[in-house]
Amino acid sequence: MSSLKTSGISSKLKVIFYLTCIVILVIQIYPVFWVLASSFKTPQEMYDIPSYSLPSSLYLQNYSRVLFESRFPNYFINSIITAAGTLFGIIALGAPAAYAITKIKNKHNEKILSFFLFGIMVPVFSCLIPMFQIYNKLNLRNTYWALILPQVGFGLPICIYLYAGFMRYIPNSLSEAALIDGASNFQIFRKIILPMSINSTLTILIFNFVNIWNEFTYANTFMTRATMKTLPIGLNDFIGQMGRREWGPTFSAIIVGIAPTLLVYFFLNKYIMSGMAAGAVKE
């Protein structure tokens, strides 16, 4: 009798769990569906039919305006350059730093790691005014460096933490054998440690790419020229007369803008969990 009650309770819990998951899934997917459906609506349909309704046809004029009649392609290129430069800087600085902390013996290694991790607690907004003044004096405003440098700096703590968590459990015997064969620390890092850290590298790239692609604060603060704007700032271009927003092109620009992050996450999401868990448990 008690087993029947237990099975009945467990089945109810499963139903509640699945219903909760479905509700959360709908809440997360509906905004994307709404924007995607609205991007194919005509200006008349945008105001005449409910937002959740499907368009009567695939109206591609909105995408044509975004891709051929606006500066959106230029903003897209700016975002790509910024993302590529930032990701390269984070990996190029974070991976060697984590290797030095975990594999090169020094009694201050833990203190150095704690110093880097302290950067996680520094609010981004507290640095905007000093950075603005410095970039203004160095003529770095309206350049890619104004976006790349701060994002590299604030991205390094998590990067070093993830790399260090994985590299800590790579057997030292590999490094010692390479040293005996005459390899330098740089060669050990480049040919042994870094290739073994591929999952952590992909996790760091994906995690930071999403944040960099959607970054708004630095771009809005340091970029005043129209030619240097990135995607999040460029969405304001679709404001018509009297401040009236043209929703069709705006939704189309949003879809094109979020497509890279969705594709990257869809194809590489399996590496995120494995990279985050790497080094958490010693095998």
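The values are calculated or read from the model by the stated rules, or taken from the named source; none is laboratory data. Source: prediction; values computed, not measured. Because the Cβ atoms are built from the backbone with ideal geometry, glycine has one as well, and the counts that use them run over all protein chains shown. In case anyone asks, the SASA skips ligands and DNA or RNA and just uses the protein heavy atoms, side chains included. Shrake-Rupley method; radii C 1.70, N 1.55, O 1.52, S 1.80 Å.
Points worth noting:
- Of the residues making up the range 34-60, those that are in contact with a Pro (Cβ under 9 Å, 6 or more places away or on another chain) and either among the polar types (S, T, N, Q) or modelled with pLDDT of 90 or more (or both) are Ser38, Ser39, Thr42.
- The C-beta contact set for the range 118-134 (first residue closer than 16 Å to Thr221 by Cα and assigned to a loop (DSSP other than H, G, I, E, B), second residue open to solvent by 100 Å² or more (accessible area, probe 1.4 Å) and at pLDDT 85 or above, distance under 8 angstrom, 6+ apart or interchain) is empty.
- Residue check for Ser70: under 27 Å from the mean Cα position of the chain (by Cα), outside any helix (DSSP H, G or I) and touching a residue at least 12 places away in the same chain (Cβ under 8 Å): yes
- All helices (runs of 4 or more DSSP H) inside the range 152-256 with 1 or more residues being open to solvent by 70 Å² or more (accessible area, probe 1.4 Å): 172-180, 185-188, 198-213, 217-222
- Condition met for Tyr30 (at pLDDT 85 or above, among the hydroxyl-bearing types (Ser, Thr, Tyr), in a helix (DSSP H, G or I) and more than 27 Å from the chain's Cα centre (by Cα)): no
- Filtered residue count, the range 94-144, keeping only those that are on the phi > 0 side of the Ramachandran plot and surrounded by fewer than 14 Cβ atoms within 10 Å (Cβ to Cβ): 1
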